[in-house]
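Read the structure below first, then the notes.
The values are calculated or read from the model by the stated rules, or taken from the named source; none is laboratory data. Only a predicted model underlies this, so the values are computations on that prediction, with no experimental measurement involved. As a convention, Cβ positions derive from the backbone with ideal geometry for all residues, glycine included, and neighbour counts pool all protein chains shown.
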Amino acid sequence: MTLVARLERFQIALLLILPIVWSTIVFAPEFFTDADSYLHVGVARRMLEDGWLRTFEWLPHTTLADPYPNMYLGQHLFLMPLVAVFEPATALHVGVVTLSTAFAASLHLVLRRRGVRWPAPWIVLGLLACPLALTYAVFLKGATTFLIVLVWFVDAVWAGARRRTFVLAWLSIYVYVGATVLVPFALVHLVVRRWLDGRWDAGCVVATVLGILAGMLINPFWPAHWSYVIAELRTIFERDPALIPGEYRGAEWAMLAGDTLVKI
């Protein structure tokens, strides 16, 4: 076996540390997950039992409206077979470890495609040392599946692959309520390429916008999906003062302060 092959195997073995560590956390008897995780598993179970969901008995008592727009359809479809095989708590644990592992593997593959020779040590260090990354790795959040799509989206934009950018932006709408955040990512790339190459190429920005519009127009939850996304975007700038501080309608966006948006 050549040295290069041995180093590749070493990196793969290093990445396996991540699902092992995450599993020891989520499968621990004392582990207590958050409400988001139960929501996603619960919706997947309801879809498995009752089919296509458009309403709940308790819907009028929430910030959602009737008909119910499933903003995380892709994630719930992924969870359905797990809920069918395992009891809900186990399905939750298996699901979050699987999705988090897929995210780490996607990071590794994309960085290798971009010419990074040793991505595995940095991925392992970053995902275990960063509290926010660790939280997303062990809790089933709304953005858990979207983060996988995001990695490949950034790769497509960086490569200037407009068709792939369009497809990934389209699919992201079915995965995450905050998928419109892809537009700032594409705009940042546009500015960076202008700085590096001295020219403007808005092809991927246009592809991103068109992909998002396609996903919102060709959508099984139209028009409720559209109105909910607009309400989410408003929470960037405003919040109902009647709500408890720290509790937001559409909390995916409202927690982002101005400096965070600039960093994104």
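Grab the helices (runs of 4 or more DSSP H) fully contained in the range 68-170, keeping just those with 3 or more residues being under 24 Å from Met47 (Cα atoms), β-branched (Val, Ile, Thr) and within 19 Å of the chain's Cα centre (by Cα).
Values: elements: 73-85, 88-113, 119-129, 131-138, 144-159.
Of the helices (runs of 4 or more DSSP H) lying wholly inside the range 68-170, those with at least 3 residues that are under 24 Å from Met47 (Cα atoms), β-branched (Val, Ile, Thr) and within 19 Å of the chain's Cα centre (by Cα) span 88-113, 144-159.
Quick grid of which residues meet (1) part of a loop (DSSP other than H, G, I, E, B); (2) at pLDDT below 75; (3) not polar (S, T, N, Q):
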{"position": "Trp22", "(1), (2), (3)": "no, no, yes"}
{"position": "Pro29", "(1), (2), (3)": "yes, no, yes"}
{"position": "Asp36", "(1), (2), (3)": "no, no, yes"}
{"position": "Leu39", "(1), (2), (3)": "no, no, yes"}
{"position": "Arg46", "(1), (2), (3)": "no, no, yes"}
{"position": "Trp52", "(1), (2), (3)": "yes, yes, yes"}
{"position": "Glu57", "(1), (2), (3)": "yes, yes, yes"}
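Confirm whether Gly160 is of a type in the set (Gly, Ala, Ser), in contact (Cβ under 8 Å) with a residue 40 or more places away in the chain and surrounded by fewer than 18 Cβ atoms within 10 Å (Cβ to Cβ). Yes; evaluated as a whole, the condition is true for this residue. Identify all residues within the range 189-220 that are farther than 14 Å from Phe166 by Cα and within 19 Å of the chain's Cα centre (by Cα); write none if there are none. Asn219 - this is the single residue of the range 189-220 that is farther than 14 Å from Phe166 by Cα and within 19 Å of the chain's Cα centre (by Cα).
A count restricted to the range 191-205 and to residues that are surrounded by fewer than 19 Cβ atoms within 10 Å (Cβ to Cβ) and assigned to a helix (DSSP H, G or I) stands at 8.
Does Val157 qualify as being closer than 28 Å to Tyr38 by Cβ and in contact with a Phe, Trp or Tyr (Cβ under 8 Å, 6 or more places away or on another chain)? Here the answer is no, as Val157 does not meet what is asked. Applying the set (1) surrounded by fewer than 20 Cβ atoms within 10 Å (Cβ to Cβ); (2) touching a residue at least 12 places away in the same chain (Cβ under 8 Å) to Arg117 leaves exactly one unmet item: (2).
Against the test of being touching a Leu at 6+ places or on another chain (Cβ under 7 Å) and within 20 Å of Ala102 (Cα to Cα), the options Ala129, Ala133, Ala143 yield a single qualifying residue, Ala133.
Cβ-Cβ contacts under 9 Å between residues 6 or more apart (or on different chains), taken from a first residue in the range 126-142 that is over 19 Å from Leu111 (Cβ atoms) to a second residue that is among the small types (Gly, Ala, Ser) and in a loop (DSSP other than H, G, I, E, B), are listed as Gly142/Gly178. Counting the residues of the range 12-42 that are over 15 Å from Lys141 (Cβ atoms) and charged (D, E, K, R) gives 1.
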